[in-house]
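The values are calculated or read from the model by the stated rules, or taken from the named source; none is laboratory data. Since this is a predicted model, take the numbers as computed values, not measurements. As a convention, Cβ positions derive from the backbone with ideal geometry for all residues, glycine included, and neighbour counts pool all protein chains shown. Areas reflect the complete protein model, heavy atoms only, side chains present, ligands, DNA and RNA absent. Shrake-Rupley method; radii C 1.70, N 1.55, O 1.52, S 1.80 Å.
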Amino acid sequence: NRNLFSVDTFHLVLPKIVVSLVLFVFFVTQIQLYSSSPQTLAEMGYTLSRYAREVFAQLTVVSVIIMILLYNEGSNSRWSRRLTYVLLAQVFFLVLMALKSVSDYSNSWGLTEKRLWGFTGIFWIIPVLSMYSYSYYKRLENQVFVRGVILFSAATLILVNLVNFDYLIYHFKKSTT
């Protein structure tokens, strides 16, 4: 029994290849959008709000799909391991682009509870990805990774309650919308 969510009988090498190639094409086609200034976005017909919502939503969904794919991979072949490292690098890139999206929007329009939850999600996923990368590289049991995620998640929720989003919004960067 590998883990609760595993698909032990199905090796996911082919889906990993397809997702990796699709992500590469996605990066190439979307890089102009992700690296655009507000002026360029306006020329492309995007508002900063539409851009932030679309980019953050796309990147979050894709990152979750990749993490599910990686977590459930059962193969230890050389190609499978290489593809896992490629996908992990791609997910880190996606998360950094999501961080840029929520940062740009917050810098322009201030903080809101949704934007702070966006930051929280990003600052939660980066250590989770790091824990997964480490446990995968060291070939640790999945239970070690799951325990780490549970403990880190609990610590994150406690920290969110201690920080107090309303206080942050009021004292640091009030929303202007």
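Stokes-Einstein D for the stretch 101-177 at 37 °C, 0.692 mPa s, Kirkwood Rh over Cα pairs, in µm²/s?
In µm²/s, the coefficient rounds to 235.
With every protein chain left in place, what is the accessible area per residue of the stretch 110-152 in square angstrom, probe 1.4 Å?
On the way: 2560 Å² over 43 residues.
On a per-residue basis, 60 Å².
State the volume of the convex hull built on the alpha-carbon positions of the chain, expressed per residue in Å³ and rounded to an integer.
Dividing the Cα hull volume of the chain by its residues yields 114 Å³.
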Calculate, for E141 and L14, the FRET efficiency according to 1/(1 + (r/R0)^6) with r their C-beta to C-beta distance and R0 22 Å; round to the nearest 0.05.
0.30
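Net charge near V102, counting Lys/Arg +1 and Asp/Glu -1 over other residues with Cβ under 15 Å of its Cβ? Spell out each step's value before the answer.
On the way: positive: R50, R53, K100, K114, R115, K173; negative: E54, D104, E113.
Once positives and negatives cancel, what remains is +3.
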By how many degrees, 0 to 90 and rounded to 10, does the Cα axis of helix 13-34 deviate from the longest principal axis of the chain?
20 degrees
Quick one: check the C-alpha center-to-center distance for the stretch 90-141 versus the stretch 56-74, whole angstrom.
13 Å
